[in-house]
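Right, one structure below, let's go through it.
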Amino acid sequence: MSKQYDVVIVGAGPAGYVAAIRCAQLGLKVACVDKWIGAEDQPTLGGTCLNVGCIPSKALLESSARYDDISHSFADHGITASGIKLDLAKMMARKDKVVSDLTQGIVSLFKANGVKWLQGAGKLLPNQQVQVTAHGDGAESVLEATHVILAPGSSSVEIGAAPLKDDVIVDSSGALEFTEVPKRLGVIGAGVIGLELGSVWRRLGSEVILLEAQECFLAAADEQISKDALRQFKRQGLDIRLGARVVSCEAGKKGVAVQYQDGKGEHTESVDKIIVAVGRRPNTNGLAADEAGLLLDEWGFVHVDEQCRTNLPSVYAIGDAVRGPMLAHKGSEEGVMVAEVIAGQKAEMNYDTIPSVIYTHPEIAWAGVTEQALKAAGTEYNVGTFPFAASGRARAAGDSAGMVKVIADAKTDRVLGVHIIGAHGSELIAQAVIAMEMGASSEDLAMTVFAHPTLSESVHEAALAVDSRAIHIPGKKKIKNSVVADHLD
Ligand code: FAD
Ligand code: AMP
């Protein structure tokens with residue numbers, strides 16, 4: 001028996017579930033098929049982000065930061081705490097509760113919006129049909145849709161050098177489930193996920209070694225920021241080894257022997273556990289029947305245009321399974337755009353201002369272009385930086401590492417990029433995104449009144465510094481593109 005919908009969505013992560021809700025708001029009849037099995041073997045909405053990604057990692061980052069603070073920085077505030085104990089089981093249970101509350105929230109939102117949730121695996125067939133293989137009994141049915149949105153997300157990349165093994169060699173999901181704090185923890189890959197998870201376990205007491213194949217640390221970030229970050233992370237005790245390519249991992253009774261190569265030769269490290277955090281790949285294997293003719297690129301991403309249309313009529317793809325940054329908010333905004341396109345509205349998305357955040361401490365956050373990208377493109381620009389060390393609020397909080405950096409076009413003064421390293425960078429970057437979305441100049445930010453004392457004032461001061469008029473740092477000569485090389489040292 002086939003069932004008819006206006007829109008069938010495959011995948012209920014932040015891309016798919018947001019698309020489903022927006023389609024329903026626009027009066028469309030929607031079904032969302034998802035195959036995720038969560039805690040207690042129950043089908044769960046929310047995909048990677050809610051179940052094993054953004055949310056549980058942030059819950060553990062928050063808890064571990066409090067433990068680290070009470071253990072190390074409360075004394076500076078004149079607070080002495082004794083008898084501090086870590087109850088890891090409770091910390092994990094809290095994280096699981098946060099996850100289940102939020103995934104349940106999506107169940108309620110689906111109900112409230114009349115979205116039909118189908119629990120099972122979806123497969124695209126020709127002519128906007130979707131085959132659903134139900135959980136449990138494996139019953140197959142076919143849905144007919146006027147439009148299909150594919151939002152299957154991504155999975156951790158596995159490498160032959162580190163095959164996963166029980167709770168000893170794990171991917172990012174396994175790293176959110178350790179039942180004890182490893183004494184020595186190896187992390188393969190010092191990207192966003194490796195740094196966040198490495199930070200969690202370092203704060204909880206592990207000695208953490210990050211092995212990163214590339215010589216360059218956080219290549220996507222602004223160089224000035226990534227250099228500062230590397231310095232600060234090393235100072236915290238994260239042992240980050242660059243140019244270190246892991247070639248094998250051997251799990252034995254007493255942990256794992258990790259072999260890696262760097263410029264000096266081959267080395268072996270013994271650790272208790274390994275987290276493999278070497279990137280993610282799109283979940284497009286088996287997503288579409290061959291007869292459907294869905295076009296994938298060489299890396300397995302669904303090929304789409306700027307409005308997320310695939311090569312097939314009325315079939316769209318969004319989120320981690322298509323080009324662009326693998327970020328929840330990018331997928332969600334694509335979901336909204338596609339729903340509005342389907343409803344006949346004029347919808348588009350600005351990919352140039354999508355913020356990136358690394359939730360370490362200090363946080364790293366940016367939007368727009370980096371200084372090195374502008375140099376490579378030969379674009380003339382001005383730069384203003386402001387250190388949190390000169391911020392009254394950051395000083396009051398005792399958390400004043402890092403800076404805000406504003407980059408503006410030399411000719412138009414339009415803000416081209418904002419880069420932040422510091423506490424609450426993830427929140428501060430929203431100001432830059434709004435400014436850039438509105439096409440603001442650094443002068444617009446400079447003319448805006450910010451509350452005192454706030455961290456936000458540092459955004460204001462960095463904008464003033466573009467024109468060498470920051471108030472709370474000594475004046476510098478105007479920094480032009482030609483002399484900006486000093487910044488990158
Ligand atoms: P997913 O969230 O992966 O959801 C896809 C869903 O589709 C899944 O439920 C899957 O089971 C289902 N599915 C796949 N194939 C089928 C099929 N054939 N039939 C039915 N269902 C199917 N991003 C951020 O923006 N901020 C963060 O702080 C952040 N932290 C992260 C931390 C970790 C540890 C990890 C792993 C990721 C993190 N991410 C973060 C990335 C973020 O989780 C992803 O970008 C986001 O989940 C992508 O959303 P999506 O909807 O495209 O896919
Ligand atoms: P990201 O893509 O941000 O999740 O980062 C993953 C990181 O893992 C990249 O910086 C890769 O260079 C790194 N990486 C991939 N394979 C290896 C390996 N075998 N050994 C060490 N690092 C690796």
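The values are calculated or read from the model by the stated rules, or taken from the named source; none is laboratory data. Quantities reported herein were computed from a predicted structural model and do not represent experimental measurements. For neighbour counting, all protein chains shown are included, and Cβ atoms are generated from backbone atoms with ideal geometry for every residue, glycine included. Areas reflect the complete protein model, heavy atoms only, side chains present, ligands, DNA and RNA absent. Shrake-Rupley method; radii C 1.70, N 1.55, O 1.52, S 1.80 Å.
HIS267 meets all of the listed conditions (1) surrounded by 13 or more Cβ atoms within 10 Å (Cβ to Cβ); (2) in a loop (DSSP other than H, G, I, E, B); (3) within 15 Å of ligand 2 (Cβ to nearest atom) but one, namely (2). Regarding VAL278, is this residue among the β-branched types (Val, Ile, Thr), in a loop (DSSP other than H, G, I, E, B) and surrounded by 18 or more Cβ atoms within 10 Å (Cβ to Cβ)? So VAL278 fits the description; yes.
In segment 250-260, is there at least one residue being within 14 Å of ligand 2 (Cβ to nearest atom) and either under 30 Å from ILE318 (Cα atoms) or assigned to a loop (DSSP other than H, G, I, E, B) (or both)? So far as segment 250-260 goes, no, none of its residues is within 14 Å of ligand 2 (Cβ to nearest atom) and either under 30 Å from ILE318 (Cα atoms) or assigned to a loop (DSSP other than H, G, I, E, B) (or both). Beta carbons closer than 7 Å, at least 6 apart along the sequence or on distinct chains, pair a first residue in segment 284-295 that is farther than 18 Å from TYR316 by Cβ and among the small types (Gly, Ala, Ser) with a second that is open to solvent by 40 Å² or more (accessible area, probe 1.4 Å) and near ligand 1 (Cβ under 9 Å from one of its atoms) for GLY286/LYS123.
Taken over segment 29-87, residues that are open to solvent by 50 Å² or more (accessible area, probe 1.4 Å) and in contact with a strand residue (DSSP E or B) (Cβ under 8 Å, 6 or more places away or on another chain) amount to 4. Among the listed residues LYS58, LYS111, identify the single one that is part of a helix (DSSP H, G or I) and within 27 Å of the chain's Cα centre (by Cα). Unique residue meeting the criteria: LYS58.
Summed over segment 270-283, residues that are within 14 Å of ligand 2 (Cβ to nearest atom) and either charged (D, E, K, R) or without any contact (Cβ under 8 Å) to a residue 60 or more places away in the chain (or both) total 2. Of all residues in segment 93-123, exactly one satisfies the criterion of being open to solvent by 50 Å² or more (accessible area, probe 1.4 Å) and touching a Pro at 6+ places or on another chain (Cβ under 6 Å), namely GLN119. Within segment 205-234, being on the phi < 0 side of the Ramachandran plot and within 16 Å of ligand 1 (Cβ to nearest atom) holds for VAL208, LEU210, ALA220, ALA221.
Residues checked against (1) out of contact with any Lys or Arg (no Cβ under 9 Å at 6 or more places or on another chain); (2) open to solvent by less than 20 Å² (accessible area, probe 1.4 Å); (3) in contact (Cβ under 8 Å) with a residue 60 or more places away in the chain:
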residue: VAL315; (1), (2), (3): no, yes, yes
residue: ALA321; (1), (2), (3): yes, yes, yes
residue: PRO325; (1), (2), (3): yes, no, no
residue: ALA328; (1), (2), (3): yes, no, yes
residue: GLU340; (1), (2), (3): no, no, yes
residue: GLY344; (1), (2), (3): yes, no, no
residue: GLU348; (1), (2), (3): yes, no, no
residue: THR353; (1), (2), (3): yes, yes, yes
residue: SER356; (1), (2), (3): yes, no, yes
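For segment 344-366, a residue qualifies if it is more than 19 Å from MET438 (Cα to Cα) and outside any strand (DSSP E or B), and the qualifying residues are GLY344, GLN345, TYR359, THR360, HIS361, PRO362.
In summary, LEU61 fulfils each of the numbered conditions (1) touching a His at 6+ places or on another chain (Cβ under 9 Å); (2) of a type outside the set (D, E, K, R); (3) closer than 14 Å to ALA12 by Cβ; (4) within 14 Å of ligand 1 (Cβ to nearest atom) with the single exception of condition (3). For segment 3-21, the count of residues that are open to solvent by 40 Å² or more (accessible area, probe 1.4 Å) and within 10 Å of ligand 1 (Cβ to nearest atom) is at least one.
Note on segment 149-189: residues that are closer than 30 Å to ARG309 by Cα and within 12 Å of ligand 1 (Cβ to nearest atom) total 9.
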